[in-house]
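**Student:** First, the structure itself, so that you have it in front of you.
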Amino acid sequence: MSRAKWLALAVCLALPAGATGQDLPSGPETEITIDKTTHLAGGVGFAGPLGFAANVQLLHGLGADVREDGGRVRASCAVPIPHCAGGFLVQAAAGSGGGKLSLGVGARARVEEEDFNGTVGVGLRAAFVRTWGNPIGTEPGLSYLGPELDLAILRVNLTLGVLWRVSGHGGKSALFSWGLGFGI
């Protein structure tokens, strides 16, 4: 895989917020376009403590379209740093064992290369979980808060995190959150 995918992510993170909506100077084999973007996605999966769940995610920030040597990478970056003013990642999920609202930062890219054609993504977010029904690893009626890391490749998502109980009695005071899902 060429350096185009890494170049797209680096461009999203390195440009000033005012540099959107324009083509950047590029060499004879590389074309880069930067603009603000919003990406909406959904998915289904199985997670602890949510059980079977569906989710929706909004990613807003800078986007880059990089074409290099016959390959193409389209990336969306949401990072709250001065280079990407106002960027963010929001996710909501509901399942048989609870609901979750997450806020954080992330990046997603669509890679079209000779040896890889698909999506890749990463997110780091703070998650608030409220349990109900039959949650996995704890009891219903509790609230948890903590960090989660989300990795995605070819529409398969893996989520790992640690949640601490912030309200309610009973159940575990700390909970390992995990999930395996598929993007739609």
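The values are calculated or read from the model by the stated rules, or taken from the named source; none is laboratory data. Keep in mind the model is a prediction, meaning the values are calculated, not measured. Note that we place each Cβ from the backbone using ideal geometry, even for glycine, and neighbour counts take in every protein chain shown.
**Student:** Quick one: count up the residues across region 167-184 that are surrounded by 14 or more Cβ atoms within 10 Å (Cβ to Cβ), free of Cβ contacts under 8 Å to residues at least 40 places away in the same chain and more than 17 Å from Gly51 (Cβ to Cβ).
**Tutor:** Number satisfying all stated conditions: 1.
**Student:** Let me ask you something else. Could you tell me whether any residue of region 20-35 is modelled with pLDDT of 65 or more and either small (Gly, Ala, Ser) or buried (at least 19 other Cβ atoms within 10 Å of the Cβ) (or both)?
**Tutor:** Scanning region 20-35, I find at least one residue that is modelled with pLDDT of 65 or more and either small (Gly, Ala, Ser) or buried (at least 19 other Cβ atoms within 10 Å of the Cβ) (or both), so the answer is yes.
**Student:** Being touching a strand residue (DSSP E or B) at 6+ places or on another chain (Cβ under 6 Å) and farther than 20 Å from Gly61 by Cα is the filter; apply it to region 105-126 and report the residue that is surrounded by the most Cβ atoms within 10 Å (Cβ to Cβ).
**Tutor:** Glu113
**Student:** Within region 85-125, restricting attention to residues that are at pLDDT below 80 and part of a loop (DSSP other than H, G, I, E, B), which residue is nearest to the chain's Cα centre (by Cα)?
**Tutor:** Gly87
**Student:** Moving on to the next point. Is it the case that region 45-61 has a residue that's part of a strand (DSSP E or B), in contact with a helix residue (DSSP H, G or I) (Cβ under 8 Å, 6 or more places away or on another chain) and either small (Gly, Ala, Ser) or at pLDDT 75 or above (or both)?
**Tutor:** The first filter runs over region 45-61 and keeps only residues part of a strand (DSSP E or B), leaving 45-48, 51-61.
If we keep only those that are in contact with a helix residue (DSSP H, G or I) (Cβ under 8 Å, 6 or more places away or on another chain) as well, we get 61.
Now narrow it down to the ones that are either small (Gly, Ala, Ser) or at pLDDT 75 or above (or both): 61.
So far as region 45-61 goes, yes, one or more of its residues are part of a strand (DSSP E or B), in contact with a helix residue (DSSP H, G or I) (Cβ under 8 Å, 6 or more places away or on another chain) and either small (Gly, Ala, Ser) or at pLDDT 75 or above (or both).
**Student:** Would you say Leu13 is touching a Leu at 6+ places or on another chain (Cβ under 9 Å), at pLDDT below 75 and part of a helix (DSSP H, G or I)?
**Tutor:** On the way: touching a Leu at 6+ places or on another chain (Cβ under 9 Å): yes; at pLDDT below 75: yes; part of a helix (DSSP H, G or I): yes.
Answer is yes for this residue.
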